[in-house]
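J.: Dropping the structure in here first, questions after.
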Amino acid sequence: MDTLAEGPPAPESGHFLLAWLQNWGGWVAAGSLLVFVLSLWGVSWLILNLPPDYFLRERPRWGHAHPVVHLIILILRNLIGGVLVISGVAMLVLPGQGILTILLGISLMSFPGKKRLTDWILRRKSLQKTMNWIRKSRGRPPLQFSEK
């Protein structure tokens, strides 16, 4: 089959997906592996660098920033947080640290009820145990969580 003369298969022919996978499947697999490795490294790095009382602190507001700077920061945080939440949901069925990535995304975002939601997620003993295991493996003190 001369693909240059005939062009790509029509989507309805059933060979379109096969042709797409042959052309792009390796790149998709490499990209998935890269995202997996980066998520393992990135989430672990973040957990290791949090202060032990991070989840007990009240968060300061950005009230001192210029309104335009505040808006830009708010938009960027919500966009990055949204991407992380979507990625974390995907990682629930794909390789990666799904729950931790969702928690990271939610912590970046700004929305009503965020504190209640993060507290609800953080009350999961398995999540606390995983996060503190990562910290213990690098000689860091355990994270402290609210008992509410």
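J.: So for the range 20-32 (the condition being at pLDDT below 80 and closer than 30 Å to Glu147 by Cα), does at least one residue qualify?
T.: Taking every residue of the range 20-32 in turn, none turns out to be at pLDDT below 80 and closer than 30 Å to Glu147 by Cα.
J.: Taking Arg57 as meeting all but one of (1) surrounded by fewer than 12 Cβ atoms within 10 Å (Cβ to Cβ); (2) modelled with pLDDT of 80 or more; (3) under 28 Å from the mean Cα position of the chain (by Cα); (4) of a type outside the set (A, V, I, L, M, F, W, C), write down the number of the exception.
T.: (2) is the only condition that Arg57 fails.
J.: Another question, if that's okay. Sort out which residues of the range 92-140 are assigned to a helix (DSSP H, G or I), among the basic types (Lys, Arg) and free of Cβ contacts under 8 Å to residues at least 60 places away in the same chain, and write them in order of number. Can you show your working first?
T.: So in the range 92-140, the residues assigned to a helix (DSSP H, G or I) come out as 98-108, 114-122, 125-137.
From what is left, the residues that are among the basic types (Lys, Arg) are 114-116, 125, 129, 135-136.
Across the range 92-140, the qualifying residues are Lys114, Lys115, Arg116, Lys125, Lys129, Lys136.
J.: Cβ-Cβ under 8 Å, sequence separation 6+ or interchain: first residue in the range 8-31 and over 19 Å from Leu94 (Cα atoms) and basic (Lys, Arg), partner surrounded by fewer than 11 Cβ atoms within 10 Å (Cβ to Cβ) and modelled with pLDDT of 65 or more. Which pairs?
T.: Close Cβ pairs (under 8 Å, with a partner that is surrounded by fewer than 11 Cβ atoms within 10 Å (Cβ to Cβ) and modelled with pLDDT of 65 or more) do not exist here.
The values are calculated or read from the model by the stated rules, or taken from the named source; none is laboratory data. None of the values given here were measured: they were computed from a predicted structure. Neighbour counts run over all protein chains shown; Cβ positions are idealised from the backbone, glycine included.
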